[in-house]
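Okay, so here's the structure we're looking at.
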There are 4 protein chains.
Amino acid sequence: MNAPAGLQMDNPLLEDLGIRLASVGPGRSTFELDVAPRHLNRQGSLQGGVTATLLDAACGYAGLHDGTNGVLGHAVTVMLTISYISKVDSGRLSAIGSVTKSGRNLYFASAELVAESGELVATAQGTFKRSRSHQES
Amino acid sequence: MNAPAGLQMDNPLLEDLGIRLASVGPGRSTFELDVAPRHLNRQGSLQGGVTATLLDAACGYAGLHDGTNGVLGHAVTVMLTISYISKVDSGRLSAIGSVTKSGRNLYFASAELVAESGELVATAQGTFKRSRSHQES
Amino acid sequence: MNAPAGLQMDNPLLEDLGIRLASVGPGRSTFELDVAPRHLNRQGSLQGGVTATLLDAACGYAGLHDGTNGVLGHAVTVMLTISYISKVDSGRLSAIGSVTKSGRNLYFASAELVAESGELVATAQGTFKRSRSHQES
Amino acid sequence: MNAPAGLQMDNPLLEDLGIRLASVGPGRSTFELDVAPRHLNRQGSLQGGVTATLLDAACGYAGLHDGTNGVLGHAVTVMLTISYISKVDSGRLSAIGSVTKSGRNLYFASAELVAESGELVATAQGTFKRSRSHQES
């Protein structure tokens with residue numbers, strides 16, 4: 001768990017959904033969510049948008065650590081694909097992302113969403129573009 | 001606007017995010033969102049997870065209308081790809097989905113997310129599986 | 001049909017497969033293939049790799065025309081998603097690509113593969129990166 | 001190498017391109033290609049369609065082995081996403097596919113395309129539908 005004081009997500013949407021940055025390091029990141037009723041769809045299963053949000057975050061943040069002082073850079077998602085493999089309706093979910101290839105402007109990353117039971121819920125792969133112009137927070 | 005009384009989304013996550021079903025018919029659906037600060041990311045732009053949620057809903061619901069009495073069926077997303085084309089940080093967004101091909105068990109759909117200015121924010125294409133076993137609501 | 005003398009594909013793989021550049025212009029391109037037995041799979045239908053090749057080419061070349069003197073630039077595919085909608089086993093196929101958004105380094109494009117009957121065979125969306133370093137031909 | 005006599009690809013397109021089934025077993029498959037000039041694009045790198053063909057085959061065939069007598073079943077690609085990570089222009093390529101989740105009608109698979117040097121060339125994830133109606137060969 002290397003999300004120490006001072007290394008915050010600072011991401012309104014993730015915070016609003018109750019998604020936590022559990023760890024982030026060079027080329028990897030993990031997010032967690034305790035599934036609550038508000039995260040479900042009409043069938044009472046995890047809504048696909050929550051799955052997408054977790055996997056997008058895990059892929060994206062995996063490329064943000066500069067490998068030195070732990071300051072997170074900025075990037076935007078260019079393209080993301082999600083495979084919805086198993087249903088889940090409760091418990092703690094972990095989205096584990098890793099960088100496949102890191103370039104100067106673009107990076108490739110993939111992520112898995114895993115249930116507390118160890119069951120694979122979904123997988124994703126995406127492309128991200130480093131961004132230098134952003135709101136300084 | 002054909003989301004009359006009685007035809008509700010009944011979708012906790014979409015309701016939690018403030019996403020509204022603006023219309024749904026055979027092979028098409030439209031969702032709307034008025035972007036609020038809680039929908040943004042670290043850079044102050046629409047968070048990619050909200051984009052994915054809107055496009056997933058627009059694609060998915062486009063295949064749910066039975067073409068007769070307006071009762072919506074059930075389906076789960078199998079696979080979804082999103083291209084993040086332009087940034088947006090405020091205003092009303094419309095996610096417009098349409099079915100590309102409807103089969104007995106699977107259907108293909110695509111969707112566009114459009115800003116109030118008419119600018120294209122994101123596109124998606126996905127595969128969905130009809131589901132007969134579900135929580136009756 | 002604006003693939004005049006001098007505007008050649010110069011693409012060994014496409015030529016090897018019998019894929020022809022039927023037209024190319026600013027933000028659009030069309031490729032054609034007359035399906036032959038060697039393009040089929042074990043089930044006697046168009047092999048998925050041929051579908052991918054046609055759609056990749058249609059998306060990619062759609063962003064190569066500079067809008068002025070017709071010289072085609074260079075680009076590489078970053079990420080591509082294909083939905084396989086209908087089977088086809090013969091006849092002439094047209095892959096019609098268009099640019100969704102063109103940026104300085106990246107562009108987004110989508111394409112449809114259509115059978116002679118007008119039936120939609122497959123769709124794709126992808127991201128492409130302009131490339132300045134290349135073999136001069 | 002478990003592609004013994006009697007277990008042939010029987011796939012005209014793959015044979016035409018010189019793609020070989022190196023091994024196939026329950027939940028996994030490997031295809032190989034020795035890159036030749038005809039597999040290249042305008043820039044002299046492996047054409048994206050060949051990459052797609054190799055990864056589609058590796059993902060698809062990974063789900064075809066019945067786990068008993070080695071007879072390969074049949075399936076069609078539903079949706080496939082490819083990330084093009086590194087260029088390659090020669091040598092032997094291996095496309096290694098594995099099933100992520102196998103259902104009755106659908107299965108999920110992913111694959112990596114690796115160069116002789118061990119460098120990762122491309123990754124893919126896809127959804128496949130088992131097919132019972134097919135040309136008996």
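General observations
- Tally of residues being open to solvent by 30 Å² or more (accessible area, probe 1.4 Å) and in contact with a helix residue (DSSP H, G or I) (Cβ under 7 Å, 6 or more places away or on another chain) across segment A:52-91: 1
- In the set (1) open to solvent by 20 Å² or more (accessible area, probe 1.4 Å); (2) within 7 Å of another protein chain (Cβ to nearest Cβ), C:Gln47 fails one condition alone, (1).
- A:Ser94 being open to solvent by less than 50 Å² (accessible area, probe 1.4 Å), more than 23 Å from B:Thr123 (Cβ to Cβ) and not in a loop (DSSP other than H, G, I, E, B): yes
- Restricting attention to segment B:61-85 and to residues that are among the small types (Gly, Ala, Ser) and more than 7 Å from every other protein chain (Cβ to nearest Cβ), the residue that is nearest to the chain's Cα centre (by Cα) turns out to be B:Ala62.
- Residue match in segment B:15-34 (condition: of a type in the set (D, E, K, R), within 9 Å of chain A (Cβ to nearest Cβ) and either closer than 28 Å to A:Ala58 by Cβ or under 12 Å from the mean Cα position of the chain (by Cα) (or both)): yes
- Residue in segment B:20-43 that is in contact with a Lys or Arg (Cβ under 9 Å, 6 or more places away or on another chain), modelled with pLDDT under 95 and crowded, with 19+ Cβ neighbours inside 10 Å present: yes
- Against the list (1) open to solvent by 70 Å² or more (accessible area, probe 1.4 Å); (2) closer than 17 Å to B:Met9 by Cα, the condition B:Glu112 fails is (2).
- Residues in segment A:97-137 that are among the small types (Gly, Ala, Ser), in contact (Cβ under 8 Å) with a residue 24 or more places away in the chain and not in a strand (DSSP E or B): A:Ala115, A:Ser117, A:Ser131, A:Ser137.
- Residue in segment C:31-49 that is assigned to a loop (DSSP other than H, G, I, E, B), touching a residue at least 12 places away in the same chain (Cβ under 8 Å) and of a type in the set (Val, Ile, Thr) present: yes
- Residue in segment D:61-76 that is modelled with pLDDT of 95 or more, over 30 Å from C:Ser131 (Cβ atoms) and assigned to a helix (DSSP H, G or I) present: yes
The values are calculated or read from the model by the stated rules, or taken from the named source; none is laboratory data. Please read these numbers as outputs of a predicted model, since none were measured by experiment. Note that each Cβ is placed from the backbone with ideal geometry, even for glycine, and that neighbours are counted across all protein chains shown. Just so you know, the surface numbers come from the protein's heavy atoms only, side chains and all, with ligands and any DNA or RNA stripped out. Shrake-Rupley method; radii C 1.70, N 1.55, O 1.52, S 1.80 Å.
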